[in-house]
Amino acid sequence: MTAFSIRVMTYNIHKGFSVGNRRFVLRQIRDELRTADVDIVFLQEIQGQHVIREAEIVDWPTESQFEYMADQIWSHYAYAKNAIYNAGHHGNAILSKYPFVHWENLRFSTIRPASRSLLHGVVDIPERQMKLHVICVHLDFLPNLRMRQLKRLNERIRACVPKNEPLILAGDFNDWHGQVSRYLASDLELNEIFHTLHGKHARTFPSWWPMLPVDRIYYRGLQPIECDSFEQNPWHRLSDHTPLYAKFEI
């Protein structure tokens, strides 16, 4: 059987705004993602709806941000509301060139302005007649809340992801001390691709001077091939995070 690879990216897009909310740059973000030419995109802080900005910003898309980003490149997508407020909501999204068998959003908390969740999808890979589990998360800043969310994540993976089916877990983990990686490695046998290939996590925040390794791509049941952190122009001028890229062999 010939080798088959899959390329992914994770990116906190800051609701489509540049650093400090100076400019609305969703179009540029979409154009750069197209250039990256990946199969699956894990997005955090993507705006599902905002009625005030829709009225005020000239180039605000007529559809939701995740539909606008997906366009005709990623014809399959899933969106999960995390934060819900009077003007609208934002959350996580997964864009995929492969069809979803199913997907589900699990809320981590009941605090509406800052609620967190995990978006778990299963995509079908026809070329290999197999299922790939994809989970997008955006964890809490506070360590005690983040540990509770990790336990919920642990329960979900143990209950719903068979060990013989590959898994990619990606997103913004808000962890710069390595606590998440130690926990996921010991409890779920998940590795992080940058740590595997380069011996350390990629620094992704803030984008103009990346210092904190908060964004990650974990995997199980796949062979890591390459990875990169897009810190160069124009990525460092878009969101306040830099995106991560990874390539795996199935």
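Points worth noting:
- Residue in the range 61-77 that is over 30 Å from residue 177 (Cβ atoms), in a helix (DSSP H, G or I), of a type in the set (A, V, I, L, M) and within 19 Å of the chain's Cα centre (by Cα) present: yes
- Hits in the range 202-250 - residues which are outside any strand (DSSP E or B), over 14 Å from residue 29 (Cβ atoms) and small (Gly, Ala, Ser): 202, 221
- Enumeration of residues in the range 39-63 that are surrounded by 14 or more Cβ atoms within 10 Å (Cβ to Cβ) and over 23 Å from residue 139 (Cα atoms): 39, 53, 54, 57, 60, 61
- A single member of 3, 87, 78, 70 is touching a strand residue (DSSP E or B) at 6+ places or on another chain (Cβ under 7 Å), small (Gly, Ala, Ser) and at pLDDT 95 or above, and it is 78.
- Scanning the range 201-250 for residues that are without any contact (Cβ under 8 Å) to a residue 12 or more places away in the chain and either within 15 Å of the chain's Cα centre (by Cα) or under 21 Å from residue 177 (Cα atoms) (or both) turns up 209, 211.
- Scanning the range 20-45 for residues that are at pLDDT below 95, part of a loop (DSSP other than H, G, I, E, B) and not aliphatic (A, V, I, L, M) gives 22, 23, 37.
- Per this entry, residue 125 is counted among residues that are over 26 Å from residue 242 (Cα atoms) and hydrophobic (A, V, I, L, M, F, W, C).
- Residues (in contact with a Cys (Cβ under 8 Å, 6 or more places away or on another chain) and surrounded by 22 or more Cβ atoms within 10 Å (Cβ to Cβ)) located in the range 179-217: 193, 194, 202, 217
- Scanning the range 229-250 for residues that are surrounded by fewer than 17 Cβ atoms within 10 Å (Cβ to Cβ) and in contact with a strand residue (DSSP E or B) (Cβ under 7 Å, 6 or more places away or on another chain) yields 249, 250.
- Conditions (1) over 14 Å from the mean Cα position of the chain (by Cα); (2) modelled with pLDDT of 95 or more; number of the one not met by residue 177: (2)
- Residue 141 meets the conditions (1) crowded, with 20+ Cβ neighbours inside 10 Å; (2) closer than 26 Å to residue 175 by Cα in every case but one. The failed one is (1).
- Flag for residue 34 being among the basic types (Lys, Arg) and surrounded by fewer than 16 Cβ atoms within 10 Å (Cβ to Cβ): yes
- Residues of the range 173-190 that are assigned to a loop (DSSP other than H, G, I, E, B), under 21 Å from residue 161 (Cβ atoms) and touching an Asp or Glu at 6+ places or on another chain (Cβ under 8 Å): 173 alone.
- Looking only at the range 64-77, and only at residues there that are of a type in the set (Gly, Ala, Ser) and surrounded by 15 or more Cβ atoms within 10 Å (Cβ to Cβ), the one that is farthest from residue 24 (Cα to Cα): 70
- Any hit, the range 111-128, residues being touching a Pro at 6+ places or on another chain (Cβ under 8 Å), of a type in the set (A, V, I, L, M) and at pLDDT 95 or above: yes
- For the range 147-178, the set of residues classified as buried (at least 20 other Cβ atoms within 10 Å of the Cβ), without any contact (Cβ under 8 Å) to a residue 60 or more places away in the chain and over 23 Å from residue 129 (Cα atoms) consists of 149, 150, 153, 173, 174, 175, listed by residue number.
- Scan of the range 129-149 for residues that are hydrophobic (A, V, I, L, M, F, W, C), within 23 Å of residue 84 (Cα to Cα) and either part of a strand (DSSP E or B) or at pLDDT 95 or above (or both), ordered by number: 135, 136, 137
The values are calculated or read from the model by the stated rules, or taken from the named source; none is laboratory data. None of the values given here were measured: they were computed from a predicted structure. Ideal geometry is used to build each Cβ from the backbone, glycine not excepted, and the neighbour counts take in all protein chains shown.
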